[in-house]
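Below is one structure; the comments refer to it alone.
Computed from the coordinates by the stated procedures, all read-outs in this text should not be read as laboratory data. Just so you know, these numbers come straight off a predicted model, no measurement behind them. Backbone-built Cβ (ideal geometry, glycine too); neighbour counts: all protein chains shown.
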Ligand SMILES: [Zn+2]
Ligand SMILES: [Zn+2]
């Protein structure tokens, strides 16, 4: 037990130290996620301001600061707290003989550097697509994912508006992905992480971008806006366009749909009028949501009719 506490505190302080050294520019620039996040955010924000898709959307749109808070909480605060837990889990699994190198299917360490990064990017993106699909498929997971879908006006910062449980829910398949590829990240994995961060910011940005024919490979703002649509197309009750960085999986698995390319569609999900608005209440929501279904009589009649027509969630 004592050694677990030691692992936790050592990892925790190590993360605090790393974050502080990032803030004070005391780490290699290409591993500086603190200033990297700020720089990418400012760049995408600037593009939104210069080339807005929804011209009447304010620069400081609805919930801009809430999303900015989520961005730093999920990327730094929560990462610092959870790192110790993951270090303990690694030790526990290790004591049963299970390590990151127990499941190697493709040993990418012998590949050229660019191929290592490409395979790492594609495999990690696929396991995240699958996790995202499951977040929509199962009600108890969807209750956590509703935080991300509670965005009403879309902008780059909405990218990292998500419940902290999502960090945990994405972890098993991401770890599995790293395990099958040799058990460790390629030495230049930061390229993949920064690329994914930029693509994710762009996917949520108020910019009309589709990348031409590359739209069948890369996710983009037009496609991802439809992922957030309030009223899903008929027969798509569990959602469309689950892609993270790549749209490829949605085209392969027939979950892609872009009914039209206009930017001012209604966003959210049926029932979001009752969804909490503050950071704390949103983060508590997923734990109690499944236990107390709202009484039918409290749902307005027109909404009940509406929902009958469109069974399901976003
Ligand atoms: Zn989603
Ligand atoms: Zn999104």
Normalised by the number of residues in the range 2-309, what is the relative contact order in percent for Cα pairs under 8 Å and 6+ residues apart?
21 percent
Virtual paramagnetic centre 7 Å along Cα→Cβ of residue 81, amide N under 20 Å, in the range 17-54
17-20, 34
Considering all projection directions equally, how large on average is the shadow of the alpha-carbon convex hull of the chain, in square nanometres?
18.4 nm²
Put one equal scatterer on each alpha carbon of the range 32-142, apply the Debye formula with no solvent term, and list log10 I(q)/I(0) at q = 0.17 1/Å to two decimals.
-1.31
Contact order normalised by length for the range 20-173, with contacts defined as Cα pairs under 8 Å and 6 or more residues apart; what percent is it?
33 percent
Against the longest alpha carbon principal axis of the chain, how many degrees, from 0 to 90 and to the nearest 10, is the axis of helix 139-149 turned?
80 degrees
Relative to the first principal axis of the alpha-carbon coordinates of the chain, what is the inclination of helix 279-288, with its axis defined by its Cα atoms, in degrees from 0 to 90 and to the nearest 10?
90 degrees
Using just the helices of the chain, give the 222 nm mean residue ellipticity in deg cm²/dmol: DSSP H runs with n ≥ 4 each add -39,500 (n - 2.57), and the total is spread over all residues, rounded to 500.
-17000 deg cm²/dmol
Rounded to the nearest 10 degrees, the helix 189-204 long axis (Cα) sits at an angle to the longest Cα principal axis of the chain of 10 degrees
